[in-house]
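*Asks:* One structure, as structure tokens, below. Some questions next.
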Amino acid sequence: MLTAGAAIAIVALLIGIALRLATASAPTWQQFGPGFLTGTSWDVVNGVYGALPFIVGTIASSLLALLVAVPIGVFSAIFLAELAPGWLAIPLTFLVELLAAIPSVVVGLWGVFVLSPFLRDTVEAWFVDHLGFIPIFAGPAFGIGLFSAAVVLAIMILPTIVSIAREVIIAVPHSQREAMLALGATRAETIGRAVLPLARSGIIGAVILGLGRALGETMAVTMVIGNKDAVPTRLFDQAQTIASKIATTFNEAQVGIQVDSLIALGLTLLGITLGLNVIARLLVRRTAGQAAGLVTG
């Protein structure tokens, strides 16, 4: 009874937050309707507000972060769980988990003064020089922008992905490994064909948690993304996420439609997060069923 009450309380809290955001942002939805989600102008003087630049910035930075973090995180988890000797795996695992404890504002400062200049002069410069003929990689390279924000986000979500994926891989029954090795499989074949298929649903779950962290991250992204109210069309454009827009604007916002629009942005972010998580959970359920079929088969 107690556990059921706790579960119901969590769901009720989520519903309460959503209802409160919907009520507080109602004037914005009444004035702009669905056009609020597709509008590209955030004009305080004329009272015109659109969320599309921030929606695109949020989704683009998070997906780019996953593109960087998932391969590194999964391969790191495989190494720590399956390949590294104990004397190396234990301290490395501790250091990875310690990375999650670094405050986001510290990561943001490091991103501003160290990472962004480095990316501007190396990675971004190389892309502009060699692939600049492709519109998405065209310059100029500012260092501060969407790409830097994605790299910072990737660093911040790596501990989540590595830690959870490692635990899931370790949890795969040893009998699966022993059966593959007994059939003459190599270590790599055993990991690829016996371990990872059974751990796939858990690894996807780790990626989901990392995505949730990336979507809602505020301070570190605010410090390196450039905070430009425009839809980014290039990888190195300055942009803004929903979280960074709320953080940089809310304290100075005038009571009325401006505050209501910022709350509407919060509701939009909640909707994006819930939507992506529902899709991801369905994917986890499907892969978990396939993994169960492999075990029973």
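*Asks:* Tally up the residues in the range 77-86 that are loosely packed, with under 14 Cβ neighbours inside 10 Å and in a helix (DSSP H, G or I), please.
*Replies:* Number satisfying all stated conditions: 2.
*Asks:* Which residue pairs have Cβ atoms closer than 7 Å, lie 6 or more positions apart in sequence or on different chains, and pair a first residue in the range 123-149 that is without any contact (Cβ under 8 Å) to a residue 40 or more places away in the chain with a second residue that is assigned to a helix (DSSP H, G or I) and hydrophobic (A, V, I, L, M, F, W, C)?
*Replies:* Pairs found: Leu131/Phe137; Gly143/Leu119.
*Asks:* Quick one: is Val68 farther than 29 Å from Pro173 by Cα, part of a helix (DSSP H, G or I) and among the β-branched types (Val, Ile, Thr)?
*Replies:* yes
*Asks:* Thr40 is checked against (1) in a helix (DSSP H, G or I); (2) more than 30 Å from Leu196 (Cβ to Cβ) and fails just one. What number does that condition carry?
*Replies:* (1)
*Asks:* Which of (1) touching a helix residue (DSSP H, G or I) at 6+ places or on another chain (Cβ under 6 Å); (2) more than 22 Å from Ala165 (Cβ to Cβ) is the odd one out, the single condition Glu97 does not satisfy?
*Replies:* The one condition Glu97 does not meet is (2).
*Asks:* Could you grab me the full set of residues in the range 87-104 that are within 13 Å of Met156 (Cα to Cα) and assigned to a helix (DSSP H, G or I)?
*Replies:* Val96, Glu97, Leu98, Leu99, Ser104
*Asks:* Could you list all residues from the range 107-166 that are outside any helix (DSSP H, G or I), surrounded by fewer than 19 Cβ atoms within 10 Å (Cβ to Cβ) and not hydroxyl-bearing (Ser, Thr, Tyr)?
*Replies:* Gly132, Phe133, Ile134, Ala138, Gly139, Pro140, Phe142
*Asks:* Out of the range 183-215, which residues are under 15 Å from Ala100 (Cα atoms) and of a type in the set (Gly, Ala, Ser)?
*Replies:* Ala206, Gly210, Gly212, Ala214
*Asks:* Given the criterion more than 24 Å from Gly202 (Cβ to Cβ), surrounded by 13 or more Cβ atoms within 10 Å (Cβ to Cβ) and in contact (Cβ under 8 Å) with a residue 40 or more places away in the chain, identify the matching residue among Val74, Val56, Val96, Val68.
*Replies:* Selected residue: Val56, the only one of Val74, Val56, Val96, Val68 that is more than 24 Å from Gly202 (Cβ to Cβ), surrounded by 13 or more Cβ atoms within 10 Å (Cβ to Cβ) and in contact (Cβ under 8 Å) with a residue 40 or more places away in the chain.
*Asks:* Let me ask another. Within the range 174-203, which residues are among the small types (Gly, Ala, Ser), assigned to a helix (DSSP H, G or I) and surrounded by 14 or more Cβ atoms within 10 Å (Cβ to Cβ)?
*Replies:* Listed by number, the residues that qualify are Gly192, Ala194, Ala199, Ser201, Gly202.
*Asks:* Also: Collect the residues in the range 43-53 that are crowded, with 21+ Cβ neighbours inside 10 Å and assigned to a strand (DSSP E or B), keeping them in residue-number order.
*Replies:* Tyr49
*Asks:* Restricting attention to the range 1-39, which residues are hydroxyl-bearing (Ser, Thr, Tyr) and modelled with pLDDT of 90 or more?
*Replies:* Selection gives Thr23, Ser25, Thr28, Thr38.
*Asks:* Is it the case that some residue within the range 249-272 is closer than 19 Å to Leu37 by Cβ, assigned to a loop (DSSP other than H, G, I, E, B) and of a type outside the set (Lys, Arg)?
*Replies:* Scanning the range 249-272 turns up no residue that is closer than 19 Å to Leu37 by Cβ, assigned to a loop (DSSP other than H, G, I, E, B) and of a type outside the set (Lys, Arg).
*Asks:* Considering only the range 1-25, how many residues are part of a helix (DSSP H, G or I) and either under 21 Å from Asp260 (Cβ atoms) or touching a Cys at 6+ places or on another chain (Cβ under 9 Å) (or both)?
*Replies:* Qualifying residue count for the region: 10.
The values are calculated or read from the model by the stated rules, or taken from the named source; none is laboratory data. Since this is a predicted model, take the numbers as computed values, not measurements. Cβ sites come from the backbone with ideal geometry, for glycine too, and all protein chains shown count toward neighbours.
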